[in-house]
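Engineer: Quick one: the structure is below, and I'll ask about it shortly.
The values are calculated or read from the model by the stated rules, or taken from the named source; none is laboratory data. These numbers were taken from a predicted model, which means no experiment stands behind them. Ideal geometry is used to build each Cβ from the backbone, glycine not excepted, and the neighbour counts take in all protein chains shown. Surface areas here come from the heavy atoms of the whole protein model, side chains and all, with no ligands, DNA or RNA. Shrake-Rupley method; radii C 1.70, N 1.55, O 1.52, S 1.80 Å.
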Amino acid sequence: MATLLGLQSHLTFPKTTVKPFAVLNQTHKMRVPFELKQGQNRRFHQLPSGLNMEVIEQKRERSDKPNPPLVFVHGSYHAAWCWAEHWLPFFSASGFDCYAVSLLGQGESDAPPGTVAGSLQTHADDVADFIEENLSLPPVLLGHSFGGLIIQNYIARLKTEQSIGNLLLRHKEGRQFLAPTLFLCWLGSIPEMKTSYPELGGAVLVCSVPPSGNSGLVWRYLFTKPIAAFKVTRSLAAKAFQTDLSLCKETFFSSTMEDHLVLRFVHGPFCFIPYASFYFHAIIYQELMKESSRMPLFDLRKLNASLPVPSVPKSSIEVLVLGAKDDFIVDAKGLSETGEFYGVSPVCVEGVAHDMMLDCSWEKGAAIILSWLDGLSR
């Protein structure tokens, strides 16, 4: 490590997506803010609470057909920037309007009062409000890790609303008696049913926490991979990934990360140094992750008490379940659970890890999603 630091002054690196500390705009909530790429805009959507939610948008480069807009939802220790690095440019170039949100208390979004950013329901409510106020076509939601669990909650809530709507219609037509409590739900007298959820064109769950939550993952690791369980707990629960670069890499990225980044990011006479490129670029991601979450996404005890996600009729919405072969967080059984829940065969991508959208082979997952999206319009 000392050798690498000593060589830093001799290496020439292209411009990164992180501004130097000396020129930070003081209005940023992240001390290491993400610098937008060409064609991207950052704006803020005001929620009914009055709080502002960061949205990084990148409109499609061509418009030969009316593709559904794509709305990206991140997981813990991430924000909208994690999609803006690779996938927003990729999908906008492929003809899709793209919107990546930062959930409350994350990225450049406002923080709500209290000690946690929200719950599955409140985060899903915020995503629904953004869609309702800004999009004219039903979008495809893409969620990573805990963001995938938020989308699962969205789908369950949407289907509940549709079921109540169908009952109301049959009651109105005299075909079925409707209990008074359902009328109260419909009128919004029950808090859980106040926000109406817009229709979706589909959903993509990327390395998603399964419908039962992460407790099953933790217990399986404890009994089958105790060393891995210790590392995951230390990395995420104790936030050691913020200070331990090798643990950050093991938690989120594939082992081949440095080979690709040597070719992409290292130039000059020392480009043969095998770990130099990963070291400097991984620090960028590590710092962005460290700055992304000013407060936890959830109270995990309350979250686990609210799970599993309510089941939905199979084939009621098009869902792609996408996993990573080298995922250090969501195991193969967790991926299978999510696929079985939605009645689909999950796709496991070789050569990528949990942060599929940032990994060195990010285009593998993006290509699978693009093919699936193309199939939606047929």
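Engineer: Would you check if residue 112 is at negative phi and not in a helix (DSSP H, G or I)?
Structural biologist: Yes: the conditions hold for residue 112.
Engineer: Using beta carbons and a limit of 8 Å, which pairs, at least six apart or on different chains, have the first residue in segment 337-355 and open to solvent by 50 Å² or more (accessible area, probe 1.4 Å) and the second one of a type in the set (D, E, K, R) and modelled with pLDDT of 95 or more?
Structural biologist: Taking only residues 6 or more apart or on different chains, the pairs are 348/325; 350/325; 350/364.
Engineer: Please go through segment 301-328 and pick out each residue that is under 20 Å from the mean Cα position of the chain (by Cα) and more than 16 Å from residue 211 (Cβ to Cβ).
Structural biologist: Scanning segment 301-328 gives 318, 324, 325, 326, 327, 328.
Engineer: Hey, among the residues in segment 48-106 that are open to solvent by 20 Å² or more (accessible area, probe 1.4 Å) and of a type in the set (Phe, Trp, Tyr), which one's modelled with the lowest pLDDT?
Structural biologist: Top of the filtered list is 77.
Engineer: Within the set of pairs 6 or more residues apart or between chains, which connect a residue that is in a helix (DSSP H, G or I) inside segment 291-306 to a residue that is aliphatic (A, V, I, L, M) and modelled with pLDDT of 95 or more with Cβ atoms less than 8 Å apart?
Structural biologist: 292/79; 303/120; 306/120
Engineer: For residue 195, which of the numbered conditions (1) at pLDDT below 85; (2) under 30 Å from residue 58 (Cβ atoms); (3) of a type in the set (Ser, Thr, Tyr); (4) surrounded by fewer than 16 Cβ atoms within 10 Å (Cβ to Cβ) fails to hold?
Structural biologist: (4)
Engineer: Select from segment 341-370 the residues that are of a type in the set (Asp, Glu) and touching a Phe, Trp or Tyr at 6+ places or on another chain (Cβ under 6 Å) and list them in ascending order.
Structural biologist: Listed by number, the residues that qualify are 355, 359.
Engineer: Considering only segment 215-244, state which residues are of a type in the set (A, V, I, L, M), touching a residue at least 24 places away in the same chain (Cβ under 8 Å) and over 14 Å from residue 334 (Cβ atoms).
Structural biologist: Selection gives 236 alone.
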